[in-house]
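The values are calculated or read from the model by the stated rules, or taken from the named source; none is laboratory data. Since we're looking at a predicted model, the values are computed, not measured. With ideal geometry, Cβ positions are generated from the backbone for all residues, glycine too; neighbour counts draw on all protein chains shown.
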Amino acid sequence: MRRVHFASGIEGLDLKSIQADYHEVAHLLRSHGFERTNQNVQEHYITEPHASTQRIKEMVEDDLQTLMQSDLLLVDRCRRSIT
């Protein structure tokens, strides 16, 4: 099974939208024979939006580690305009 790291911007988006997008992507990937590698890391970003600087550093390092263990990188560009 090919392993996919899914990256997506979450700034300015509500929690329900982010979770729905992540679950939809995970379902689509699984249905096409792919495994999403960074499910746990993204859940931490969502549930700990105001984490300490040290915790953010740990989450980023975990995210980079899962990226290095992946076969593919899937990036979802932000669908909103930044002003």
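Details
- Applying the criterion of being in contact (Cβ under 8 Å) with a residue 60 or more places away in the chain, polar (S, T, N, Q) and surrounded by 12 or more Cβ atoms within 10 Å (Cβ to Cβ) to the residues of the stretch 55-72, the residue that is farthest from Glu35 (Cα to Cα) is Thr66.
- Inter-residue pairs, beta-carbon under 6 Å, first at negative phi and in the stretch 13-35, second at pLDDT below 80 and part of a loop (DSSP other than H, G, I, E, B), 6+ apart: Ile18/Ile10
- Residues in the stretch 1-34 that are in a helix (DSSP H, G or I) and within 18 Å of Asp63 (Cβ to Cβ): Ile18, Gln19, Asp21, Tyr22, Val25, Ala26, Leu29.
- Looking across the stretch 10-31 at every residue that is of a type in the set (Ser, Thr, Tyr) and surrounded by 11 or more Cβ atoms within 10 Å (Cβ to Cβ), the one that is nearest to the chain's Cα centre (by Cα) is identified as Tyr22.
- Residue among Thr66, Thr83 that alone is over 10 Å from the mean Cα position of the chain (by Cα) and at pLDDT below 80: Thr83
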